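Colleague: One structure is given below, represented as structure tokens, and several questions about it will come after.
What follows is calculated from the coordinates using simple rules that are stated; it is not laboratory data. Predicted, not measured: the structure shown is a model, and the values here were computed from it. Ideal geometry is used to build each Cβ from the backbone, glycine not excepted, and the neighbour counts take in all protein chains shown.
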Amino acid sequence: MGFFRIIKESDKSHARLGILRTSHGIVETPAFVPVATQAVFKTLTSKQARETRSQLAIANTFHLHLKPGEKTIKRAGGLGAFMAWPKPLMTDSGGFQIFSLGFGSDFGTGKILKGKRAEKIGIEAQPRRVEITEAGAWFRSIVDGTRLFIGPKESMKIQSDLGADIIFAFDECTSPIAGKAYTKKSLERSHRWAELSLAYHSKKQKLFGIIQGGKYKDLRKKSARFIGALPFDGFGIGGEFGDSKKNMMGMISWVLNELPPEKPRHLLGIGHPDDIKKIIRAGIDLFDCIAPTHYARRGFAFTSRGRLDMRKISFLADRKPLDSRCKCDVCRNYSRAYITHLMRSGEITGMSLLTMHNLYYFNTFVEEIRRGIRAGRI
RNA sequence: GGGCAGGUGGCGGAGUGGACAAUCGCACUUGGCUGUAAACCAAGCGGCCUUAGGCCUACGGGGGUUCGAAUCCCUCCCUGCCCA
């Protein structure tokens, strides 16, 4: 039995139905991957997280290296034992933090711009608080300010100690305001890091290489060909997606057309409800996104009728469940009024209930899409 | 009845003659968030005018001093503590 098996390819789209096998169980793809950066589904117990129909989760190398340190987790029996999560796990490599703590923080941007920006990152630019070198990146610890270095070698060692089933190559996620010269230089460096990640890889875990290249078609295709030709177990599609969601699907297609079809493809950090069906139809097998957990703590519920801001005072009079079509424990037992009361009172249980519902909503939304692919509708 | 302290925007609480429509915090309203430095961040928050800006009403009530008062004086009302 191989690591990844494609069960069905849609004839209506590029969507695929697959099964990912790990020593901690299988994952039915396409699958949503909840984010558990600090080895926790924020505000939930692992038992509650399992009840959200989550199949796996992705934790973060950078943050767990800082706190509590990979040795602590290794001594605890690995990430899964440490966090009492018996299902499959992934770890991100720490490469995203080059961006999020670097140019992302400097210019206040995410991976997708809301509109045009005047600033442009030139070929020699360096972020204020991260120093990027050929060997890796020097960070300033967000915990105590000390300098620390993570490169492909360090990332592979840390991820080996953390012990997730699937790990990612060390890369630099580029900014949506990076110029082409910068993006090309960074891409070539990330390619060298990809080769080094393979070289330092212990082989006990599945390793995914990451495609970069930003918004530039030639760079994206070049990256997909280069990374796609290396002996990775799967691929992550990373980086920025320009200044409009309209262009994102095109960028994803450039890459997917170049990748070996038999290996799993993970779209890194993308997956608002509006995106999910489109990216699956494009041929994405796995994707992670902070939206359900992060927005839950801000008071938002994702529902079949859109995103609701549960902090709005009008919901105090609303005795309906968050989503009348949802079968989750939260929707079966609690009213919008109660959840709004909890959020407006600063009670953490409000966040927990919204996190549980949102994860259940995302997971069942994707389950429904899998059924659609199986039935030939998608 | 006497003594002391105090009454400022929805709340708490600064300010004690001009830089005050009034520091700051909370609450509230709106906006942002896509491999999580994120239970966070930003803006607004007396009324009116479309903005720069301007006008009006305001620091318990009333009266006064002053070019000018939330700030000084008089008086009344109210609150808290202490003494009878």
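Colleague: Calculate for chain A the 222 nm mean residue ellipticity that helices alone would give, adding -39,500 (n - 2.57) per DSSP H run of length 4 or more and normalising by residue count, nearest 500 deg cm²/dmol. Can you show the working numbers first?
Modeller: Numbers: 15 runs with 143 residues, N = 378.
Value at 222 nm, helices only: -11000 deg cm²/dmol.
Colleague: In Å³ and rounded to a whole number, note down the convex hull volume per residue for the Cα atoms of region A:258-378.
Modeller: Values: hull volume 12.7 nm³, N = 121.
That works out to 105 Å³ per residue.
Colleague: Mind ranking A:185-198, A:120-133, A:85-98 by how tightly packed they are, going by the mean number of other C-beta atoms within 10 angstrom, highest first?
Modeller: The packing order, highest mean first, is A:85-98, A:185-198, A:120-133.
Colleague: Which of the trypsin sites (Lys or Arg not before Pro) across region A:77-117 are loop residues per DSSP, with 13 or fewer other Cβ within 10 Å?
Modeller: When the trypsin sites (Lys or Arg not before Pro) of region A:77-117 are filtered for loop state and at most 13 Cβ neighbours within 10 Å, A:114, A:116 remain.
Colleague: Same structure, new question: By how many degrees, 0 to 90 and rounded to 10, does the Cα axis of helix A:273-282 deviate from the longest principal axis of chain A?
Modeller: For A:273-282 against chain A, the angle is about 50 degrees.
Colleague: Take residue A:349, project a point 7 Å from its Cα along the Cβ direction, then tell me which residues of region A:316-342 have their backbone nitrogen under 11 Å from it.
Modeller: Residues A:339, A:342 fall inside that zone.
Colleague: Still on this model: List the residues, sorted by chain then number, that are 5 or more residues from residue A:92 or on another chain and whose placed amide H is less than 5 Å from its amide H.
Modeller: A:59, A:60, A:61
Colleague: Turning to a different aspect of this structure: DSSP loop (so not H, G, I, E, B), at most 16 other Cβ within 10 Å: list which trypsin sites (Lys or Arg not before Pro) in region A:234-340 pass both filters.
Modeller: A:298, A:305, A:311, A:312, A:319, A:325, A:327
Colleague: By how many degrees, 0 to 90 and rounded to 10, does the Cα axis of helix A:180-200 deviate from the longest principal axis of chain A?
Modeller: The angle comes out near 90 degrees.
Colleague: Over all distinct Cα pairs, what is the inverse of the mean 1/r for chain A, reported as the Kirkwood hydrodynamic radius in Å? Each step should come with its number before you reach the end.
Modeller: On the way: mean 1/r = 0.0474 Å⁻¹.
Its Kirkwood hydrodynamic radius stands at 21.1 Å.
Colleague: Which peptide among A:62-68, A:76-82 comes first, and what is the full order, when sorted by highest mean count of other Cβ atoms within 10 Å?
Modeller: Taking the mean over residues of other Cβ atoms within 10 Å, the ranking is A:62-68, A:76-82.
Colleague: As an exercise, use a Förster radius of 35 Å and the Cβ-Cβ distance of residue A:217 and residue A:341 to find the FRET efficiency, rounded to the nearest 0.05.
Modeller: E between residue A:217 and residue A:341, to the nearest 0.05, is 0.10.
Colleague: Turning to a different aspect of this structure: Efficiency by 1/(1 + (r/R0)^6): what FRET value for residue A:272 and residue A:75, r their Cβ-Cβ distance, R0 = 35 Å, to the nearest 0.05?
Modeller: 0.40
Colleague: Using θ = phi - 60° and the Karplus form 6.51 cos²θ - 1.76 cosθ + 1.60, what ³J(HN,Hα) does each residue of region A:364-378 get, whole Hz, x for Gly and Pro?
Modeller: Whole-Hz 3J(HN,Hα) from phi for region A:364-378: 6, 4, 6, 4, 5, 5, 4, 4, x, 5, 4, 7, x, 8, 10.
Colleague: Now, a different point. Number of Lys pairs in region A:224-378 with C-alpha atoms less than 25 angstrom apart, excluding same-chain neighbours closer than eight positions?
Modeller: Pairs that pass both the separation and distance tests number 10.
Colleague: Please report the antiparallel percentage of DSSP beta bridges with both residues in chain A, rounded to the nearest 5.
Modeller: Roughly 50 percent of the DSSP beta bridges within chain A come out antiparallel.
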